[in-house]
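Below is one structure, written out as structure tokens; comments come after it.
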Amino acid sequence: MSESKTTSDLVWGIHPVLELLQTKPQQVQEITVQKSKGGPKVQEIITLAKSHNRKIRFSPFLKVPGIPDANHQGVIARVAAIPTLTLDDLLAKNKQPGTAPLFLALDSIQDPHNLGAIIRSASAAGVNGIILPKDRSAPLGGTAAKAAAGSMVHMDICQVTNLVDALKRLKEEGFWIYGAAAEAERNIYQTGFDGPLCLVTGSEEKGLRPLVRKHCDFLVSIPMRSTLDSLNASVATAVILYEILRQKHQKE
């Protein structure tokens, strides 16, 4: 399987670091633990790191470079490049007969906290893969990993040069493309989500870019009962994903 990789980075927080050591220990290059921090979870991280021959350092004081207020919980891991799949690999991995894959494409989600929260919701909702543009996305770094609460290592992530071309390819493979748009006349409860599909969500400031919107088969909205006309991008994505999941369960 061919993979592209992001740059080397830091991951912090007990749960994200523990998940990495439990599932992909080969990605962990070094663990740094604050001496004053303890507890069973920190000890479990130390034990796992030793069992996988990962380097461990102890420091009297820890801080994440460039993010002085980061809640590292006394644990920072230096990790190797996070692997990402090509679109060909993602499609090949989800071509089992009789299955209807659910992909999520993110258009211009540039806040790493939002990206991490979306990855966490997508993992919980059973999304088979997330498609990100290489140049219009927040980095798959420590901030996103912390917000994803350990779920990033369980999610297949694909990075593409051109999101519109990726959507065209998905259509050729039989996928229906649903775009989230606050002004769409059809809401998610009036929509039947069926077959292989890809949900596309954009940034909360500008939504989907015009060309991305043009290549969606359907535009769907979330009904609102207040003066608010939009939700946080991660919240809106989660709401739509769980309606898709509900419909899938109902059919099963």
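For segment 180-204, the set of residues classified as within 10 Å of Ser221 (Cβ to Cβ) and either assigned to a strand (DSSP E or B) or among the hydrophobic types (A, V, I, L, M, F, W, C) (or both) consists of Ala180, Ala181, Ala182, Ala184, Asn187, Ile188, listed by residue number. Quick one: would you say Glu252 is within 22 Å of the chain's Cα centre (by Cα) and either of a type in the set (Asp, Glu) or outside the structural domain of Thr99 (by TED's automatic domain parsing) (or both)? So Glu252 does not fit the description; no. With the condition kept exactly as written, say whether any residue in segment 200-218 is over 28 Å from Asp165 (Cβ atoms), assigned by TED's automatic domain parsing to the domain that holds Leu106 and free of Cβ contacts under 8 Å to residues at least 40 places away in the same chain. No, there is no match, as no residue in segment 200-218 is over 28 Å from Asp165 (Cβ atoms), assigned by TED's automatic domain parsing to the domain that holds Leu106 and free of Cβ contacts under 8 Å to residues at least 40 places away in the same chain. Is it the case that Asp194 is without any contact (Cβ under 8 Å) to a residue 60 or more places away in the chain and within 16 Å of Phe103 (Cα to Cα)? No; evaluated as a whole, the condition is false for this residue.
Kindly evaluate Pro196 against the criterion of being in the same structural domain as Leu132 (by TED's automatic domain parsing) and more than 19 Å from Ala124 (Cα to Cα). Spelling it out, it is not the case that Pro196 is in the same structural domain as Leu132 (by TED's automatic domain parsing) and more than 19 Å from Ala124 (Cα to Cα).
Restricting segment 62-114 to residues that are hydroxyl-bearing (Ser, Thr, Tyr) and assigned to a loop (DSSP other than H, G, I, E, B) leaves a set whose member that is nearest to the chain's Cα centre (by Cα) is Ser108. Summed over segment 51-109, residues that are under 25 Å from Arg213 (Cα atoms), hydroxyl-bearing (Ser, Thr, Tyr) and out of contact with any Cys (no Cβ under 7 Å at 6 or more places or on another chain) total 1.
Considering each of Ile56, Ile45 in turn, give the residue that is buried (at least 20 other Cβ atoms within 10 Å of the Cβ) and without any contact (Cβ under 8 Å) to a residue 40 or more places away in the chain. Just a single option satisfies the conditions, and that option is Ile45.
Considering only segment 132-170, state which residues are in contact with a His (Cβ under 8 Å, 6 or more places away or on another chain), under 12 Å from Cys198 (Cα atoms) and surrounded by fewer than 23 Cβ atoms within 10 Å (Cβ to Cβ). Selection gives Lys168 alone.
Where strands (runs of 3 or more DSSP E) fall entirely within segment 5-61, those with at least 2 residues that are modelled with pLDDT of 85 or more are at 28-34, 55-59. Kindly indicate whether Asp135 is of a type in the set (Asp, Glu) and modelled with pLDDT under 90. So Asp135 passes the test. Checked across segment 221-234, the condition of being modelled with pLDDT of 90 or more, closer than 20 Å to Pro133 by Cα and part of a loop (DSSP other than H, G, I, E, B) holds for no residue.
The values are calculated or read from the model by the stated rules, or taken from the named source; none is laboratory data. Everything numeric here is computed off the predicted structure, so don't read it as measured data. Don't worry about glycine lacking a Cβ; one is built from the backbone with ideal geometry, like all the others, and counts go over all protein chains shown.
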